[in-house]
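Comments concern the structure below.
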Amino acid sequence: MIEFKNVSKEYEQGLALNNLNLNIDEGELFVLVGPSGSGKTTLLKMINGLNTPTTGEIRIADEDIKNSNIRQLRHNIGYVLQAGALFPNMTVEQNASIQLDLLGWNETRKHDRICELMVRVGLDPETFLSRMPSELSGGEAQRVGIVRALAGQPNVVLMDEPFSALDPISRAQLQELVFELHREIETTFVFVTHDMQEALKLADRLAVLYQGELQQVGNPQDILSHPANQFVKDFFDNDTSVEIFLQQVIDAGFGVQQTDETAIPMGDDQTIFDWSREIHDRPNQLIVVDQIILQPEDLVNYMATLRVGVIR
């Protein structure tokens, strides 16, 4: 779907991206992570032509974007910025309809599409369509930004740290919304964040960037189980591994009383990342913690409760 071939980007102050090769598959929720200045936003903006590579090639649907009609390219790409980035002198409906205006939709079709999406993101059209951005909370403004990005039924949706300015409750709600929308519409999402918890909740696959270089690409479990280098290990360990112990999985109600002698014993103070390493090496392996058997699917189900922010 999206392919970077030997892509570098150089500014006066130095390299932002260095000989990067990366494939993003059609329909996946792909997350770019890394510390500030690692090249995440530079890479993201190259997808819709807001940034151009110094060297290398970027292809979408097997077409080099430098040979594409840039206007047509952007019509097929939705973009969600930080804090919604709504125009302050336009109503919610006008903001949400910008892409549809460019596509030439008539008023009735535009209104129906925006109303449909407003309902889907949890905003009542009758209440919100005539409001101005100054009358919205941060979470509401970002929901409108999501509506705007999805309105034209794009093939790709880019999201550049869209929830970084929100409070924890709004952030968790919108993470869940993005997860559900992606599952429903099956559009390719490319999502930038520096928040490891957010990346692990959302990603089908993720790429770790550092100082303009690609460190590792894979699904969350593979990267947590087998980090490619010390940087990747430290990057995730600092934010995640101290927080989720196997005892927390049992306290959340997962597992059954021990009946299988083949389960590998693990301590309740070991983390879910110790467990994920066992599953990576032996996909059907059971473990036992304080005489409670945990199955591989228990890890998936437990992580799903973290994704919605509620432990059952």
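From the list Q211, Q175, Q216, Q230, which one is outside the structural domain of H280 (by TED's automatic domain parsing), in contact (Cβ under 8 Å) with a residue 60 or more places away in the chain, within 30 Å of T54 (Cα to Cα) and not hydroxyl-bearing (S, T, Y)?
Q211
Would you be able to say whether some residue in the range 120-142 is under 22 Å from L29 (Cα atoms) and in a loop (DSSP other than H, G, I, E, B)?
Yes, the range 120-142 has at least one match.
Within the range 238-251, take every residue that is buried (at least 16 other Cβ atoms within 10 Å of the Cβ) and of a type in the set (A, V, I, L, M, F, W, C) and give me the one that is modelled with the lowest pLDDT.
I244
Starting from residues that are assigned to a loop (DSSP other than H, G, I, E, B) and either without any contact (Cβ under 8 Å) to a residue 24 or more places away in the chain or not assigned by TED's automatic domain parsing to the domain that holds G212 (or both), keep the ones in the range 63-88 and report whichever is surrounded by the most Cβ atoms within 10 Å (Cβ to Cβ).
Among those residues, the one meeting the criterion is S68.
Given the range 205-299, what strands (runs of 3 or more DSSP E) lie entirely inside it while holding 2 or more residues that are under 30 Å from E26 (Cβ atoms) and of a type in the set (D, E, K, R)?
Once the strands (runs of 3 or more DSSP E) in the range 205-299 are filtered for at least 2 residues that are under 30 Å from E26 (Cβ atoms) and of a type in the set (D, E, K, R), nothing remains.
So which of A165, A149 ends up being in contact with a Gly (Cβ under 9 Å, 6 or more places away or on another chain), small (G, A, S), outside any helix (DSSP H, G or I) and assigned by TED's automatic domain parsing to the domain that holds Q82?
Just a single option satisfies the conditions, and that option is A165.
Would you tally the residues in the range 90-107 being in a loop (DSSP other than H, G, I, E, B) and in contact (Cβ under 8 Å) with a residue 40 or more places away in the chain?
Of the residues in the range 90-107, 3 are in a loop (DSSP other than H, G, I, E, B) and in contact (Cβ under 8 Å) with a residue 40 or more places away in the chain.
If you scan the range 268-281, which residues turn out to be at pLDDT 85 or above and over 18 Å from I244 (Cα atoms)?
none
The values are calculated or read from the model by the stated rules, or taken from the named source; none is laboratory data. Just so we're clear, the structure is a prediction, and the values are computed from it rather than from any experiment. Positions of Cβ are backbone-derived with ideal geometry, glycine not excepted, and every protein chain shown enters the neighbour counts.
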